[in-house]
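Just so it is clear, none of the values below were taken in a lab; they were calculated from the coordinates. These figures come from a predicted structure and were not determined experimentally. Cβ: placed from backbone, ideal geometry, glycine included. Neighbour counts: every protein chain shown.
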Amino acid sequence: MYYIGVDLGGTNIAIGIVNEQYEIVKKGSTPTKPERGADPIIEDMAALAKKLVAEMGISMDEVAYAGVATPGTANSDTGVVEYANNIPFLQYPLADKLSALLDGKPVYIENDANAAAKAEAMAGVAAGAPFSVMITLGTGLGGGIVIDGKVYSGFNYAGAELGHIVIEKDGRQCSCGRKGCWEAYSSATGLCNITKDYILKARAEGKTTVMEEMIGGDLSKISARTAFNAQKAGDEIGKQVVDEYISYLACGIVNVINIFQPNVLSIGGGVCNEGDNLMKPLLEKVWAETYSREGTPRTEILIAKLGNDAGIIGAAVLGK
Ligand code: BGC
């Protein structure tokens, strides 16, 4: 049998057909375009899943179920996404809607970061760790807490929303309505926003930055790579953006470690492609601030191993 694993992001819908060995045998993606509302997103999701199944030359009879890792409060008992801040879901019966479009196949849902955290705990860098926490840095900042193999998400599925702890009172506006959330600084979107502010400040002060050339003067071309690439090219303003980004990331990580002291804290998302360029300064800042001191065993802070596949695999095992 095969399983359809869907990783629904604020930017892309990534789908994998997964076999019994939890290997992705076929993969595809399509833009989410959240502004168009919930139903078209689910319709595209179903169409892509069916296309991938057809391209594999198998029939839907060989698919056991679909699992969806979605941002927001995913009630896995009812299949309803009760709320999401980056996708227009409010009491949205995602499982029923998708099931109807997938020939009545069962559909299971879970919060995306919870699913990724579980996948990392099963088969990634947190394998064997009794207690792990994962953060995902994408359109939003997701959090997943795994205790002895079980995801902890509070009594109402709305827990472990680590992206919505405030790290700057009255700070940047978050899409959840609060100000100063960790997500508003340390998600990929947060990094783009910091980059934009620094470019605008440089313009106002008549300073030059290589980032202007990189984006061709068009602020909509800013990506999470812009500042890191500028920093590597020796650009002073790019370096300031990276330093600021890493300080906020470290601040949130220290908060998480001080509360949970997990064996492993894993970090996922495209920003991790920076490798040591991100991790070295990040770890310096984190260890300078965490409550634990020499002599106390330390949390291992690691780049997630399953990378972009964690959400798909985490979703594909939801019905197990
Ligand atoms: C949402 C979370 C989600 C995360 C990653 C946040 O904005 O609140 O539910 O896990 O983004 O998608």
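Magnitude of the Cβ-charge dipole of the chain, K/R +1 and D/E -1, about the Cα centre, nearest 20 debye?
For the chain, the charge dipole is close to 320 debye.
Above 27 angstrom, tally the Cα pairs of segment 125-304 and express them as a % of all pairs, no decimals.
Above the 27 Å cut-off, segment 125-304 has 29 percent of its Cα pairs.
Exceeding 20 Å between C-alpha atoms, which entries from my cross-link table qualify? They are K232/K280; K26/K221; K196/K280; K239/K305.
Those over the limit are K26/K221; K196/K280; K239/K305.
For the residue pair K239 and I147, what label-to-label distance in nm results when each label sits 7 Å from Cα along the Cα-to-beta-carbon direction?
According to this spin-label approximation, the distance is 4.5 nm.
By how many degrees, 0 to 90 and rounded to 10, does the Cα axis of helix 188-205 deviate from the longest principal axis of the chain?
Orientation of helix 188-205: about 30 degrees from the principal axis.
Counting other Cβ atoms within 10 Å, keep those with at most 10, restrict to DSSP loop, and tell me which GluC sites (Glu not before Pro) in segment 1-109 are left.
E20
Describe numerically, in nm with one decimal, the distance between label points set 7 Å from Cα along Cα→Cβ at T30 and at N156.
3.4
N75: net charge of surrounding residues, Cβ under 13 Å, Lys/Arg +1, Asp/Glu -1, itself excluded?
-4
Distance between Cα centroids, segment 166-208 to segment 233-290: provide it in whole Å.
Taking the Cα centre of segment 233-290 as reference, the centre of segment 166-208 is 16 Å away.
Beyond 27 Å, what share of the Cα-Cα pairs of segment 1-135 remains, rounded to the nearest whole percent?
Every Cα pair in segment 1-135 considered, those over 27 Å come to 17 percent.
From largest to smallest, what semi-axes in whole angstrom does the chain give when each is the square root of 5 times an eigenvalue of its alpha carbon gyration tensor?
33, 24, 18
How much mean residue ellipticity at 222 nm does the chain get from its helices, if each DSSP H run of length 4 or more adds -39500 (n - 2.57) and you divide by all residues, to the nearest 500 deg cm²/dmol?
Only helices count here, giving -11500 deg cm²/dmol.
Order by neighbour count: V80, V146, fewest other Cβ atoms within 10 Å first, most last.
So the residues, fewest neighbours to most, are V80, V146.
Please state the relative contact order of the chain as a whole percent: Cα pairs under 8 Å, 6+ residues apart?
Answer for the chain is 19 percent.
Please compute the modelled spin-label separation between E284 and D218, points set 7 Å along Cα→Cβ, answer in nm with one decimal.
3.7
Within 10 Å of each residue's Cβ, count the other Cβ atoms and sort I165, I253, I13 from fewest upward.
Ordered by Cβ neighbours within 10 Å, fewest first: I165, I13, I253.
Using only the alpha-carbon atoms of segment 143-239 as identical scatterers, what base-10 log of I(q)/I(0) does the Debye formula give at q = 0.10, 0.14, 0.17, 0.20 Å⁻¹?
-0.38, -0.64, -0.80, -0.95
Which angle between 0 and 90 degrees, to the nearest 10, do you get for helix 112-123 versus the longest principal axis of the chain when only C-alpha atoms count?
80
Report, in degrees rounded to the nearest 10, the 0 to 90 angle that the Cα long axis of helix 236-260 makes with the longest principal axis of the chain.
Its long axis makes an angle of about 60 degrees.
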